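The values are calculated or read from the model by the stated rules, or taken from the named source; none is laboratory data. Just so it is clear, the model here is predicted, and its values are computed rather than measured. With ideal geometry, Cβ positions are generated from the backbone for all residues, glycine too; neighbour counts draw on all protein chains shown. Note: areas computed on protein heavy atoms with side chains; ligands, DNA, RNA excluded. Shrake-Rupley method; radii C 1.70, N 1.55, O 1.52, S 1.80 Å.
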Amino acid sequence: MTMGRRQLWDRAEVLAAAMGLFRRRGYLGASLRDIEEATGLHPGSLYRTFQSKDGLFHAALEAYNEQVVQGRVRVHLLEPADPVAGIRSFFTSAFETGVDPDPGCLLTNTAVECFAVPQAAPGVRQGLETIESGFADALTRARALGRVSAELDVEMAAAQLLALYQGLLVLVRAGTPITKLHTVTDGALASIGPRKRDSDE
């Protein structure tokens, strides 16, 4: 009986490398040679496992939604005791990334390419809906805690925050000065009219 050849690479590591490559280069800008160099996969392994570059990209986008997007939404929007502070930290965490330049959000970068890669649109929409739902959850809790107006339209405000956040990410990718990014963040918070707590006054 002939045994199948043992897989010598780790799928999670390959997808992490692919996420990094697609964040930096985009789907269109990443060549097969780039993929091979980034992941260490030879073309045969790539096609046996993912069928195509498109298959690898979809797997990487799915992993990004599960690991990065859902993780950031949980940490900044679902878990903080102060939901308004959580919304602020969700914004600022996009540009206060330390010394290394951020390669940008895979969702945002891919959304820009969707005109040429329409098959990626469902994955992009899924990620954006996760973020919008996180904003809605934080705003609902903020309203219940009296941190925003009781009349706040949560659905509309969550959609507005999503649009502002995506615009912020484009500015980050364009190298906008951090002072302006903080100004954009302040404007996003002002749009929901957060009420000051006694400790803030």
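Taking 0.36 nm per intervening residue step and subtracting the Cα-Cα distance, what contour gain separates residue 114 from residue 75 on full extension? Don't skip to the end; give the middle numbers.
On the way: separation 39, 0.36 × 39 = 14.04 nm, distance 2.83 nm.
Answer, rounded to one decimal: 11.2 nm.
Using only Cα atoms, tell me the angle between helix 83-92 and the longest principal axis of the chain; keep it within 0 to 90° and round to the nearest 10.
Roughly 50 degrees between the two axes.
Quick one: accessible area per residue over segment 11-192, 1.4 Å probe, rounded to a whole number of Å²? List each step's numbers first, then the result.
Details: 8810 Å² over 182 residues.
With all protein chains present, segment 11-192 gives 48 Å² per residue.
Could you state the angle between the C-alpha long axis of helix 178-190 and the longest principal axis of the C-alpha atoms of the chain, as a value from 0 to 90 degrees rounded to the nearest 10?
Rounded to the nearest ten degrees, it is 60.
Checking a compactness column here: for the chain, what do you get for Rg(Cα) / (2.2 N^0.38 Å), N being the number of residues?
Numbers: Rg = 19.6 Å, N = 201, 2.2 N^0.38 = 16.5 Å.
Taking N as the residue count of the chain, the ratio is 1.19.
Output the peptides 77-83, 175-181 sorted from most to least packed, where packing is the average of other Cβ atoms within 10 Å over each peptide's residues.
Values: 77-83: 16.7, 175-181: 11.6.
In decreasing order of mean packing, 77-83, 175-181 become 77-83, 175-181.
Using a simple charge model, +1 on the beta-carbon of Lys and Arg, -1 on the beta-carbon of Asp and Glu, nothing else, what dipole does the chain show about its Cα centre, in debye to the nearest 20? List each step's numbers first, then the result.
Working: 21 positive and 24 negative charges, 89 e Å.
Here the chain has a charge dipole of around 420 debye.
So between residue 62 and residue 24, what do we pick up on full extension, going 0.36 nm a residue minus the alpha carbon distance?
Once the chain is fully extended between residue 62 and residue 24, it gains 12.0 nm.
Per DSSP helix of 4 or more residues, -39500 (n - 2.57); summed, then divided by the residues of the chain. What does that give at 222 nm, rounded to the nearest 500?
It comes out at -19500 deg cm²/dmol, rounded to the nearest 500.
Grab the other residues whose beta carbon is less than 13 angstrom from that of residue 167, score K and R as +1, D and E as -1, and report the net. Let's see the in-between values first.
Details: positive: 173, 180; negative: none.
Charge balance in the 13 Å sphere: +2.
Just the number, please: carbon plus sulfur as a percent of the accessible area of the chain, 1.4 Å probe, no ligands or DNA/RNA counted. Could you put the intermediate results ahead of the total?
Details: 5970 of 11070 Å².
Here it works out to 54 percent.
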